[in-house]
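Below is one structure, written out as structure tokens; comments come after it.
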Amino acid sequence: YVEQLPSLAGKKVAITGATRGLGYATALACARKGAEVILLSRRSEVAERALCAIQQEASSSGAPPPIFVECDLLDFAKTRKAASI
């Protein structure tokens, strides 16, 4: 399915839960297609591993490096801060 997606070069995608599961798979697919990936996650220590793997995909596709933003969607102040970035 990922191969059928159009190029995402020049696009930014913000993905919640990008450190594992479906969010992680989506972040990898978007990086493979050239998008700038913004990982939104509550825990920075878990995000580091995902960030490294997504960085490899991004560099091989010519996409910008991914960005990690700490964000807990249950905390309105943190969500608002993440949205301002």
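The values are calculated or read from the model by the stated rules, or taken from the named source; none is laboratory data. What you are looking at is a predicted structure, and each value in this text was computed from that prediction instead of being measured. Please note: Cβ atoms are built from the backbone with ideal geometry, for glycine as well, and neighbour counts cover all protein chains shown. In case anyone asks, the SASA skips ligands and DNA or RNA and just uses the protein heavy atoms, side chains included. Shrake-Rupley method; radii C 1.70, N 1.55, O 1.52, S 1.80 Å.
The table below lists the values:
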read-out	value
Helical mean residue ellipticity (222 nm; -39500 (n - 2.57) per DSSP H run of 4+; nearest 500) of the chain	-14000 deg cm²/dmol
Loop chymotrypsin sites (Phe, Trp or Tyr not before Pro), the chain, which have at most 11 other Cβ atoms in a 10 Å radius of their Cβ (DSSP)	Tyr1
Mean projected area in nm² (Cα convex hull; one quarter of hull surface) for segment 35-80	3.2 nm²
With at most 15 other Cβ atoms within 10 Å, longest stretch of the chain clear of loop trypsin sites (Lys or Arg not before Pro) (DSSP)	44-85
Neighbourhood net charge (12 Å Cβ-Cβ; Lys/Arg +1, Asp/Glu -1) for Ala29	0
Accessible area expressed per residue, the chain, with surrounding protein chains retained (probe 1.4 Å, Å²)	65 Å²
Equivalent ellipsoid semi-axes - Cα gyration tensor, the chain, angstrom	22, 13, 11
Accessible surface of the chain, 1.4 Å probe, proportion on carbon and sulfur as whole %	55 percent
